[in-house]
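Structure, as structure tokens:
The values are calculated or read from the model by the stated rules, or taken from the named source; none is laboratory data. What you are looking at is a predicted structure, and each value in this text was computed from that prediction instead of being measured. Cβ: placed from backbone, ideal geometry, glycine included. Neighbour counts: every protein chain shown.
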Amino acid sequence: MKKNKKYSGIVIPAVTPLTTSLELDIAGVGKLMQHFADAGVHPFIAGTTGESTSLSASLRKKYAETAGQLKTPGTQLYVGISSLVFQEAVDLANHAFDHGADVAVATLPSYYALTESGMLHYFECLADAARGPLMIYNIPATTHMSIPLELIEKLSHHEKIVGLKDSERSDERLQESLQRWSARDDFSHLLGWAARSVVALKQGGDGLVPSTGNLHPALYAQLVKAVEENRDADAEFWQKGSDELGNLYQAGRTLGQSLGALKLLLELEHICGATVMPPLQNVPEEEKPALVEAWQVLKETYATK
């Protein structure tokens, strides 16, 4: 991992703390941001883990304002601006920049299937209209489109497009991405596939975007340190921890169900409540005991000092 790149390191895709009345939980945001600050990681709000597509524009703006106020010196604030409405995405981006965001992050709008020309046009228009840096977010699991690497290469030379957050699970794509951009000082590759964290960092990746970091951000700080110091056994230990913690709330669940499970665990840690925004649902009562018990075991196993 190249520390000299502006957009690098551990970037946690934050949940959105909600009250039981489905409003932004300001106190929960504060605890979450402090949780990240204590581990020295960067927050990424209003992304997939943050249930962004289910949040109103006004709630997203309030989240950006609150996170901007709480941003810790030395960290960067990533704000998701994905929307089906182009002008809304522009508005969310510029509002975020006005309130302390360092970079806006956008997926493709997912209603219409886009050609490569359409993808290129969308991101160029969005970058031209935003008043700050833009990061491309590739996540076929939700957009049902994969942004070709050759197209991203073209976009990478736009003066305001600064990197790629890639959540596509393909070893071949990962290897080609690292070959293309690990040596580029002006374009960053952040991996949103936690299972390949060590692989990516060892081969020149610029950073990680692990949802499990909501629960245990210090684990990823330890993983990065072990890779940097060539302590392979330790790096694999923390990779195993990432895998097991991720499987705890993700295995056997849809993406939406996993977010409910993740929030339940965060409630146990007194960071934020378990409430999710409809159409998502909270974890069924009968599933809670096993989830809680497994979390307590893993929490002890992968404790950090």
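Some observations on this one:
- The set of residues in the stretch 179-195 being surrounded by fewer than 20 Cβ atoms within 10 Å (Cβ to Cβ) and in a helix (DSSP H, G or I) consists of Gln179, Arg180, Ala195.
- Inter-residue pairs, beta-carbon under 7 Å, first under 22 Å from Gly132 (Cβ atoms) and in the stretch 6-26, second of a type in the set (Ser, Thr, Tyr) and assigned to a strand (DSSP E or B), 6+ apart: Tyr7/Ser188; Ser8/Ser188; Val11/Tyr78
- Filter result (buried (at least 17 other Cβ atoms within 10 Å of the Cβ) and under 24 Å from Glu65 (Cβ atoms)) within the stretch 110-152: Leu126, Ala127, Ala130, Gly132, Pro133, Leu134, Met135, Tyr137
- Any chance Asn138 is under 30 Å from Glu267 (Cα atoms), in contact (Cβ under 8 Å) with a residue 40 or more places away in the chain and in contact with a Leu (Cβ under 8 Å, 6 or more places away or on another chain): no
- Scanning the stretch 161-177 for residues that are of a type outside the set (Ser, Thr, Tyr), crowded, with 16+ Cβ neighbours inside 10 Å and in contact with a helix residue (DSSP H, G or I) (Cβ under 7 Å, 6 or more places away or on another chain) yields Ile161, Leu164, Asp166, Glu168, Arg173, Leu174.
- Taking the stretch 1-40 as the range and being buried (at least 17 other Cβ atoms within 10 Å of the Cβ) and modelled with pLDDT under 95 as the test, the residues that pass are Met1, Lys5.
- Any hit, the stretch 58-68, residues being crowded, with 22+ Cβ neighbours inside 10 Å, out of contact with any Ser or Thr (no Cβ under 6 Å at 6 or more places or on another chain), touching a residue at least 40 places away in the same chain (Cβ under 8 Å) and β-branched (Val, Ile, Thr): no
- Within the set Thr304, Thr275, Thr254, Thr212, the sole residue that is touching a helix residue (DSSP H, G or I) at 6+ places or on another chain (Cβ under 6 Å) and either basic (Lys, Arg) or modelled with pLDDT of 95 or more (or both) turns out to be Thr212.
- Scan of the stretch 122-155 for residues that are farther than 21 Å from Leu92 by Cβ and either of a type in the set (S, T, N, Q) or part of a loop (DSSP other than H, G, I, E, B) (or both), ordered by number: His144, Ser146, Pro148
Residues are listed down the side, and each one gets a yes or a no for (1) free of Cβ contacts under 8 Å to residues at least 60 places away in the same chain; (2) among the aromatic types (Phe, Trp, Tyr); (3) in contact with an Asp or Glu (Cβ under 6 Å, 6 or more places away or on another chain); (4) farther than 22 Å from Pro13 by Cα:
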residue: Gln76; (1), (2), (3), (4): no, no, yes, no
residue: Ser82; (1), (2), (3), (4): yes, no, no, no
residue: Pro109; (1), (2), (3), (4): yes, no, no, no
residue: Tyr112; (1), (2), (3), (4): yes, yes, no, yes
residue: Thr115; (1), (2), (3), (4): yes, no, no, yes
residue: Phe123; (1), (2), (3), (4): yes, yes, no, no
residue: Ala130; (1), (2), (3), (4): yes, no, no, no
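- Taken across the stretch 266-285, residues that are within 19 Å of the chain's Cα centre (by Cα) and charged (D, E, K, R) do not occur at all.
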